[in-house]
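Sharing a structure below in structure tokens format, with a few things to ask.
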Amino acid sequence: MADEAVAPSWKAEVLAARRGDPSAFESLVRGMQRPVYGLALRLLGNEAEASEVAQEAFLRAYQHLHKYDESRPFDLWVMAIARNLCMDLLRRRGKVRTEELEPMKDMLPSGEASLEEGAIARQERQSLEAALATLSADDREVLALYYVQKRTTKEIAQVLGCAPGTIMARLFRAREKLRKKMSPAQEDPT
């Protein structure tokens, strides 16, 4: 499978980094920078904090490279580190401040065919981002890993440290919450 083809290169780069080759670890970081930052941004909703968390995640991965279990995919290990750092930061905040979600236009595809289509697409993205911002960090996390990072439920389970069935249930509930937020308000017939 594709994962098996990628894993040996990670293993070789990890082994080289353990031996002190800075370019090997740099290569690992380059390959994972966007997904790690993207996850942190989705969870934290703040570009500066997401950037700091991503840097901290890579620093910790480097410092604990000797603890990396080569039987696990390297990217999932680093994603788990980043996720834990985000959760720690959210706990320190005391409460998730979803109203401060910054525009994420840099991460969204532009693909404007016409002014009208572009305006509609922007409005839909803004509506989706606004609806996502109202969800809990746990819901945003599982949706981001599944839809943005394109991770399987098994991979997400590894990152979050739970069973794949739990991830499937969390995905279902998060999608339902998002669907309700995105649906036009139903008028009360009474």
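In nm, to one decimal, how far is the MET182 label point from the SER71 one, both placed 7 Å along Cα→Cβ?
Placing both labels 7 Å beyond Cα along the Cβ direction yields 3.9 nm.
I'd like the Karplus ³J(HN,Hα) series for segment 136-141: coefficients 6.51, -1.76, 1.60, θ = phi - 60°, whole numbers in Hz, and an x wherever there's a Gly or Pro.
Going residue by residue, I get 5, 4, 4, 5, 4, 4 Hz, with x marking Gly and Pro.
Provide the gained length on full extension for the span ARG30 to GLN55, in nm with one decimal, where the gain is 0.36 nm per separating residue minus the Cα-Cα distance.
Stretched out fully, the ARG30 to GLN55 stretch lengthens by 7.8 nm.
Using the basic label-point model (7 angstrom from Cα toward the beta carbon), what is the MET168 to ALA130 distance in nanometres?
3.5
No lab work stands behind these numbers, since they all come straight from the coordinates. Because the structure is a prediction, the values reported are computed rather than measured. Glycine also receives a Cβ, built like all others from the backbone with ideal geometry; neighbour counts cover every protein chain displayed.
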